[in-house]
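Input: a single structure, listed below in structure tokens.
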Amino acid sequence: MGNKRTVHAFMAMALVIAASLGATPVRAIGPCGPFNPMDAPSANCRPAFTNGQYLRIVDGISFVWLRTSPSSQAAVVATAWPRQGSFSVSGAPGNPFFFDGYQWWWYVQMYPGGWRGWVEQYSLTPETPSTLYMGEATHQPPPTWGAPADAMLRAGVPFAWLRIEPRSDSPFTTTILPGMTFRVMAEPSPVSDRYQYWWPVAVMTAQGQRTGWLEQSSIAAVG
């Protein structure tokens, strides 16, 4: 009887050891690659971006198309070019992300223009806010403006966003285009984000006057 108990004990121990050796180690969860389905055992990933996050086109990609649905065969809503616009992850019915069996897609809003559509994850990367630059401001307030002053966009600037707050990752209220004049206000004082200076600006639009913040490097005084 004692021998049987010993054999059973050894068998139970062997089963425990075998089970522990055959257990699959837990993988650390990380962002999904552009071609990794979230539910694939080898992927074990989560969405790469978050709702409301700011994005830009990946360096080296010449342009991207916003599409009506998350498919490379879907109709094109708009074309976005590097350094001429950016995106924010926008709400869509269900999730703002979708895997089509081959790659991930994200539903975004494009700035300027406000177009909404789907862009492949492979072409997108997070936008770095200017507040990450922690050195001294490199642009000193020009003493010759004498604000308040009439101004327009500096030559060569294709457009500028009037921001709600004095930082480059702030939402904006309107787009200022070349040829439009606006008023650089005396109050409040210009604000440095430790990378560049921002000035309070008022501009007239078809919807009425809009006020906000504009980066100093985009401003040229009239006359």
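Give me the residue from the range 213-223 that is exposed (fewer than 15 other Cβ atoms within 10 Å of the Cβ) and touching a strand residue (DSSP E or B) at 6+ places or on another chain (Cβ under 7 Å) and, out of that set, modelled with the lowest pLDDT.
Here is the first cut: in the range 213-223, the residues exposed (fewer than 15 other Cβ atoms within 10 Å of the Cβ) are 217, 220, 222-223.
The next check asks that each one be touching a strand residue (DSSP E or B) at 6+ places or on another chain (Cβ under 7 Å); those that pass are 220, 222.
On the way: A220: 88, V222: 82.
Result: V222.
Taken across the range 167-178, residues that are closer than 30 Å to C45 by Cα, modelled with pLDDT of 85 or more and buried (at least 17 other Cβ atoms within 10 Å of the Cβ) do not occur at all. Only one entry of W199, W213 meets the criterion of being in a strand (DSSP E or B) and over 21 Å from the mean Cα position of the chain (by Cα), and that entry is W199. Looking only at the range 93-109, decide whether some residue is among the aliphatic types (A, V, I, L, M) and at pLDDT 85 or above. Yes; the residues of the range 93-109 include at least one that is among the aliphatic types (A, V, I, L, M) and at pLDDT 85 or above. Quick check on the range 194-212. Is at least one of its residues touching a His at 6+ places or on another chain (Cβ under 8 Å), under 25 Å from G52 (Cα atoms), surrounded by 15 or more Cβ atoms within 10 Å (Cβ to Cβ) and among the polar types (S, T, N, Q)? Yes. I need the full set of residues from the range 157-191 which are more than 22 Å from the chain's Cα centre (by Cα) and not in a loop (DSSP other than H, G, I, E, B), in order please. Of everything in the range 157-191, those that are more than 22 Å from the chain's Cα centre (by Cα) and not in a loop (DSSP other than H, G, I, E, B) turn out to be T181, F182, R183, V184, V191.
The values are calculated or read from the model by the stated rules, or taken from the named source; none is laboratory data. Computed from a prediction, not measured in an experiment: that's the story for all the values here. Cβ atoms come from the backbone with ideal geometry, glycine included; neighbour counts cover every protein chain shown.
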